[in-house]
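The values are calculated or read from the model by the stated rules, or taken from the named source; none is laboratory data. Since we're looking at a predicted model, the values are computed, not measured. When we count neighbours, we look across all protein chains shown, and the Cβ atoms used for this are built from the backbone with ideal geometry, even at glycine. Remember, those area values only see protein heavy atoms, side chains included, never the ligands or the DNA or RNA. Shrake-Rupley method; radii C 1.70, N 1.55, O 1.52, S 1.80 Å.
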Amino acid sequence: MQIERILHSQGFGARKLCRILVRHHEVTVNGEPCDDPFADFSTDNLRFTVKGEPWEYREKAHLMLNKPAGYECSLKPAHHPGVHALLPMPLRERGVQNIGRLDEDTTGLLLFSDDGQFIHRMGSPKWKVPKVYEVTLKHAADEKLVAALLQGVQLNDEPAPIAALGCEAISERLLHLTLGEGKYHQVKRMVAAAGNRVEALKRIAIGRLALPKDLPEGQWRWLSPADLEALLPTREAATK
Ligand code: URA
């Protein structure tokens, strides 16, 4: 594919602008300077730099962000900056969307993609990808709290009680809570319905994909093939 088209596909703007970038010596491809916008390259394992910043070609973008508090999961944020502001321009330009939402004050693992099929699958209730939250409680947890969350609690507007898939007390005020759904404020509402209160909330895993310990808040990273595999439902969940 011509480098001008490659840059355009990766979010570096209109083809004309990409042509100018190449002609102005702002681009290297696989370690070599390239000033011919029509030079052809294989996109397999293609690495390039634009204005000195390294990139790798991705036909579709799949990435994770460690969301900090103080950002809204919306393209039209009302009261705080949007999470998209934490991503570099080419990713925003190619239209990556956040998959699911975290509250403004919730931190942790948030996925983004421009792959329509992937976005649809991850959001589908059929896909059954559990989400794990680290919940900091206002009051010390007792056994009743864990039992209530596992047995199911009644939320307003829900026809039947909702149960956590898993709930483990890590310490007096810390729970790991696994949910199969993603309803509005679900963790906060479930914990409140069980008689406690959420002080802080962090999503630490989606499926078998854990938030990497070395990904600082506010930073993003591409999903590797192993990460994508970890987002597939387990065989038993898929056949239920
Ligand atoms: N549940 C909540 O209450 N808030 C979130 O951000 C995610 C799950």
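Å³ per residue of the Cα convex hull, for the chain?
About 143 Å³ per residue, rounded to a whole number.
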Notebook entry, point to check: By a straight-distance test (C-alpha under 17 Å), which aspartates and glutamates pair with LYS213 as possible cross-link partners, with residues fewer than eight away in the same chain excluded?
Noted result: GLU134, ASP227
Item checked: Amide proton proximity set for THR107, modelled H, under 5 Å, gap of 5+ -> LEU201, LYS202, ARG203
Checklist line | Pairwise label distance in nanometres, LEU165 with HIS79, each label 7 Å out on the Cα-Cβ vector | finding: 3.1
Margin query: Considering only C-alpha atoms, what is the centroid distance from segment 149-217 to segment 33-76, in Å?
Written below: 33
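What are the trypsin sites (Lys or Arg not before Pro) within segment 23-119 that DSSP puts in a loop, where the Cβ has at most 11 other Cβ atoms within 10 Å?
On the way: sites: ARG23, ARG47, LYS51, ARG58, LYS60, ARG92, ARG94, ARG101; in loops: LYS51, ARG58, LYS60, ARG94, ARG101.
When the trypsin sites (Lys or Arg not before Pro) of segment 23-119 are filtered for loop state and at most 11 Cβ neighbours within 10 Å, LYS51 remain.
Would you calculate, for the chain, the mean residue ellipticity at 222 nm contributed by helices, counting each DSSP H stretch of 4 or more residues as -39,500 (n - 2.57) and dividing by all residues, to the nearest 500? If you can, show how the numbers build up before the last one.
On the way: 8 runs with 57 residues, N = 240.
Counting only the DSSP helices, I get -6000 deg cm²/dmol.
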Check: How would you classify segment 3-56 from its alpha-carbon gyration tensor, with a ≥ b ≥ c the square roots of the eigenvalues: rounded for a/c under 1.5, else prolate if a/b is greater than b/c, otherwise oblate?
Finding: rounded
Next item on the list: Count the lysine pairs in segment 1-133 whose Cα atoms sit under 23 Å apart, keeping only pairs 8 or more residues apart in sequence or on different chains.
Entry: 8
Notebook entry, point to check: Where Lys and Arg each count +1 and Asp and Glu each count -1, what net charge lies around GLU158 among other residues with Cβ under 11 Å from its Cβ?
Noted result: 0
Next item on the list: Could you order HIS120, HIS79, HIS8 so the one with the most accessible surface comes first? Probe is 1.4 Å.
Entry: HIS79, HIS120, HIS8
Item checked: Theoretical gain in end-to-end length, ALA210 to PHE41 [0.36 nm per residue, Cα-Cα removed] -> 57.3 nm
Notebook entry, point to check: How about segment 130-173: which trypsin sites (Lys or Arg not before Pro) there are in a DSSP loop, with at most 12 other Cβ atoms within 10 Å of their Cβ?
Noted result: LYS138
Margin query: Counting each pair of different Cα atoms once, what's the Kirkwood radius of segment 1-140 in Å, rounded to one decimal?
Written below: 17.1
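May I ask you to list the chymotrypsin sites (Phe, Trp or Tyr not before Pro) in segment 6-82 that are in a DSSP loop and have at most 11 other Cβ atoms within 10 Å of their Cβ?
Details: sites: PHE12, PHE38, PHE41, PHE48, TRP55, TYR57, TYR71; in loops: PHE12, PHE38, PHE41, TYR57, TYR71.
Of the chymotrypsin sites (Phe, Trp or Tyr not before Pro), the ones in loops of segment 6-82 whose Cβ has at most 11 other Cβ atoms within 10 Å are PHE38.
Please compute, over every Cα-Cα pair in segment 130-206, the percentage with a separation greater than 16 angstrom.
Values: 1136 of 2926 pairs.
Pairs farther apart than 16 Å: 39 percent.
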